[in-house]
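Asks: To start, I am sharing the structure in question, which I have written as C-alpha cells.
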Amino acid sequence: MIEELYEKLGKEIFGYCCALDGGDPELAGDLVQETFLRALGNLELLERLDDRERRAWLYKTARNIFFDKVRRAAAEQKKMSFFQTDELDENTFDEVETEQILLLLPQDVRILFRMRYLEGYNSSELGEIFNLPPGTVRAKLSAAKKLLKLKLLEE
C-alpha cells in the first residue's frame, strides 16, 4: 500500500514540502522520505482510512515533520548562541525565562504563541500556516494567555 501511495501522491507531497521549506529540493526530499517512513510505521491506521483521509494524513504528517525540524533547528541555534557569548546579559536571562514560561503551554499552542508574539506573525498568516481559520487562531491565543496568567499567578 505504501508503494501505491508513493506512486500516487509522492510528487504532490514533494511539491508541498518544497513550498514549506522555501524550495530546497534536498530538504523537501528528506521530508517526503520521513513522511513515507512514518506512513510505513502507521500502516494499520492508513489501511482503515479512505483515499482522501490518507492524502490528508500525509499532508499533515509532512507539515508536522517540517515544523518539528524548524523548532529543533531554532532551539539548537538558540542553545549554541547562548553558550557562545562570553558575557551573559540581562536579555539572555529574559530569553531563558520566556522559554521556561512558554513550557507551561501545550506544545501546539506554544508554537502559535511564539510565532504570534515573539516572531510577529499575524492571525491570518498563522491560519494559513496551520490550516486554521484566523478566528480559531485568535481563540487559541486568547485561551493561551488566560492559561499563562492562571499558571503564573499560582507560582
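Asks: Return yes or no: is Lys149 touching a residue at least 12 places away in the same chain (Cβ under 8 Å), part of a helix (DSSP H, G or I) and more than 13 Å from the chain's Cα centre (by Cα)? Steps first, answer last, please.
Replies: On the way: touching a residue at least 12 places away in the same chain (Cβ under 8 Å): no; part of a helix (DSSP H, G or I): yes; more than 13 Å from the chain's Cα centre (by Cα): yes.
For Lys149, the condition - touching a residue at least 12 places away in the same chain (Cβ under 8 Å), part of a helix (DSSP H, G or I) and more than 13 Å from the chain's Cα centre (by Cα) - is not met.
Asks: Filter the stretch 59-79 down to the residues that are touching a residue at least 12 places away in the same chain (Cβ under 8 Å) and either outside any helix (DSSP H, G or I) or open to solvent by 50 Å² or more (accessible area, probe 1.4 Å) (or both) and list them by number.
Replies: Residues of the stretch 59-79 touching a residue at least 12 places away in the same chain (Cβ under 8 Å): 59, 61-63, 65-67, 69, 71, 78.
Matches in the stretch 59-79: Lys69, Arg71, Lys78.
Asks: Show me the helices (runs of 4 or more DSSP H) found entirely inside the stretch 1-58 where at least 3 residues are among the aromatic types (Phe, Trp, Tyr).
Replies: Numbers: elements: 2-21, 25-41, 43-48.
So the answer is 2-21.
Asks: Here is a follow-up. What pairs come up if the first residue lies in the stretch 98-111 and is basic (Lys, Arg), the second is surrounded by 13 or more Cβ atoms within 10 Å (Cβ to Cβ), and their beta carbons are under 9 Å apart, counting only those six or more places apart or on different chains?
Replies: Arg110/Leu102; Arg110/Leu104; Arg110/Ala144
Asks: Quick one: is Asp30 within 21 Å of the chain's Cα centre (by Cα) and open to solvent by less than 80 Å² (accessible area, probe 1.4 Å)? Break it down stepwise before answering.
Replies: Numbers: within 21 Å of the chain's Cα centre (by Cα): yes; open to solvent by less than 80 Å² (accessible area, probe 1.4 Å): yes.
Judged against the criteria, Asp30 is a match.
Asks: Can you pull out the residues in the stretch 1-53 that are at pLDDT 90 or above, more than 20 Å from Ile129 (Cα to Cα) and aromatic (Phe, Trp, Tyr)?
Replies: The answer is Phe36, and nothing else.
Asks: Does the stretch 80-97 contain any residue that is open to solvent by 70 Å² or more (accessible area, probe 1.4 Å), among the small types (Gly, Ala, Ser) and at pLDDT below 90?
Replies: no
The values are calculated or read from the model by the stated rules, or taken from the named source; none is laboratory data. Computed from a predicted model, the values in this text were never measured in an experiment. Ideal geometry is used to build each Cβ from the backbone, glycine not excepted, and the neighbour counts take in all protein chains shown. For accessibility, only protein heavy atoms count, side chains too; no ligands or nucleic acids. Shrake-Rupley method; radii C 1.70, N 1.55, O 1.52, S 1.80 Å.
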